[in-house]
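The structure under discussion appears below in the form of structure tokens.
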Amino acid sequence: MSYQTINPLTDEVVKTYDNHDDAYVEEALSRGHALYKKWRNDPIDSRTEALSKVADLIALKADELAKILTIEMGKRLVEAKGEVAITVAIARYYAKHGAEFLKPRDIVSSIGPAQIISRPTRCCSWLNHGIFHITKLCVSLRQTMWQETRWF
């Protein structure tokens, strides 16, 4: 069984996609997990640099991406351009401030001093989301983190 992208304004079938078999899905998940294991220990600077590049690429293709959002999601062009612009802004914000958000935080608790630290926990994926939602999840570095409290 295949699935289709349908323009919600015209009901026109934009494209038909074949489903992937289990082996393809398993391979994609394995590749994603392998990258997660490789990148989870990379310095934050390398991740924020990559995020800056993503923002630049999205900005470079803003008109093309807005057109896709219009065709595939039925957004008005002005709305689609706004979604792309906010996506770029979010990516740039987290590229600039992500390291600050992930720094360990010292806290004082009722049983003594402690520290909250963030650690990568998994590779994440998305289905059927607009570019804004995908980027919001992707760049919000805390979405794929868990917090651990260290007691001294």
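The values are calculated or read from the model by the stated rules, or taken from the named source; none is laboratory data. On a predicted model such as this, the values are computed, not experimentally measured, just so you know. Because the Cβ atoms are built from the backbone with ideal geometry, glycine has one as well, and the counts that use them run over all protein chains shown. Please note that ligands, DNA and RNA were not included when accessible areas were found on the heavy atoms of the full protein model with its side chains. Shrake-Rupley method; radii C 1.70, N 1.55, O 1.52, S 1.80 Å.
Here are the numbers for the structure shown:
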{"quantity": "Breaking point among (1) part of a helix (DSSP H, G or I); (2) open to solvent by less than 50 Å² (accessible area, probe 1.4 Å); (3) modelled with pLDDT under 90, for SER118", "calculated": "(1)"}
{"quantity": "Tally, over the range 78-111, of residues that are more than 22 Å from LEU60 (Cβ to Cβ) and among the basic types (Lys, Arg)", "calculated": "2"}
{"quantity": "Long-range neighbours under 7 Å by Cβ, at least six apart or interchain, first residue closer than 10 Å to ILE44 by Cβ within the range 99-118, second of a type in the set (Ser, Thr, Tyr) and loosely packed, with under 13 Cβ neighbours inside 10 Å", "calculated": "none"}
{"quantity": "Filtered residues of the range 28-74 (kept if surrounded by 13 or more Cβ atoms within 10 Å (Cβ to Cβ) and of a type in the set (Ser, Thr, Tyr))", "calculated": "TYR36, THR48, SER52, THR70"}
